[in-house]
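Nothing in this text is a laboratory measurement; each read-out follows from the coordinates by a stated rule. From a predicted model like this one, the values you see are computed outputs, not experimental measurements. Cβ sites come from the backbone with ideal geometry, for glycine too, and all protein chains shown count toward neighbours.
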Amino acid sequence: MWYYSFQNQQVGPVEDDAISGLVADQKINGSTLVWTQGMPTWQPASSTALVKYLPQAAIAPVAAPTAVPAYAVPYKTSEMEIKELNDLFMWFWICLAGSLVTFGLSAIASMVLFYIILYRHWQLIQDGYARTSPGKAVGFLFIPFFNLYWIFEAFPGLIRYTNAYIQRYGLPVKMQDAGLATAFCILTLLCLIPYLNLATGVAVLVIQIILAKNLRDSAVALIQTRK
């Protein structure tokens, strides 16, 4: 599995079989910084095993970067990533349940954790085909009025792109139905209507819990395919 830099963002993981297509799409060239497990730092593609996928014109001596890019965080094992996701969901549930005794204050923390789970899931399908980056997927949800549209891209859109990712690589991961995510979005918007929010609030809460669990389970399954 490889990661590569595209438009100053980390993309991946992608398998070796997908590299030639990325080279043809001009998303990877000889100077593109890449990384895979076992490499101490990010390196230009022309100085790695990916050189075999590059056209001869793209193979030229390129000076190695003097420092690791900011996005090159220490490598995490699959077990570490899965534990982090499970911990996030556990604390999401604890904060949500705790809102009953904190008069809703801990619900803010639960929403933050919910968005982190969303971010992590988007991060797992960044192979160059996803419509948006994890940062935009979550960040655009905080833009007034625009977020009324974007919520449908951040949640049902994630399900669609995840299913496409699973099909693209033939992964043994169960595909999800975007219906639950769509229902969550519609009910969330209905909660903005006075009086109607009293009827939809409980439904949103229940669906949010189920959706968070589904996102966690799907993300864990995707991580396990890397082993």
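Odds and ends about this structure:
- The single condition among (1) without any contact (Cβ under 8 Å) to a residue 60 or more places away in the chain; (2) surrounded by fewer than 18 Cβ atoms within 10 Å (Cβ to Cβ); (3) over 24 Å from Glu84 (Cα atoms) that Leu171 does not meet is (3).
- Taken over the range 119-136, residues that are over 16 Å from Leu215 (Cβ atoms) and not in a loop (DSSP other than H, G, I, E, B) amount to 2.
- Whichever residue in the range 108-162 is closer than 20 Å to Gly179 by Cβ and β-branched (Val, Ile, Thr) and, among such residues, is surrounded by the most Cβ atoms within 10 Å (Cβ to Cβ): Thr162
- Every residue from the range 193-214 that is of a type in the set (Ser, Thr, Tyr) and over 30 Å from the mean Cα position of the chain (by Cα): Tyr195
- Remark: Ile223 matches the filter, which requires a residue to be in contact (Cβ under 8 Å) with a residue 24 or more places away in the chain, within 16 Å of the chain's Cα centre (by Cα) and not in a loop (DSSP other than H, G, I, E, B).
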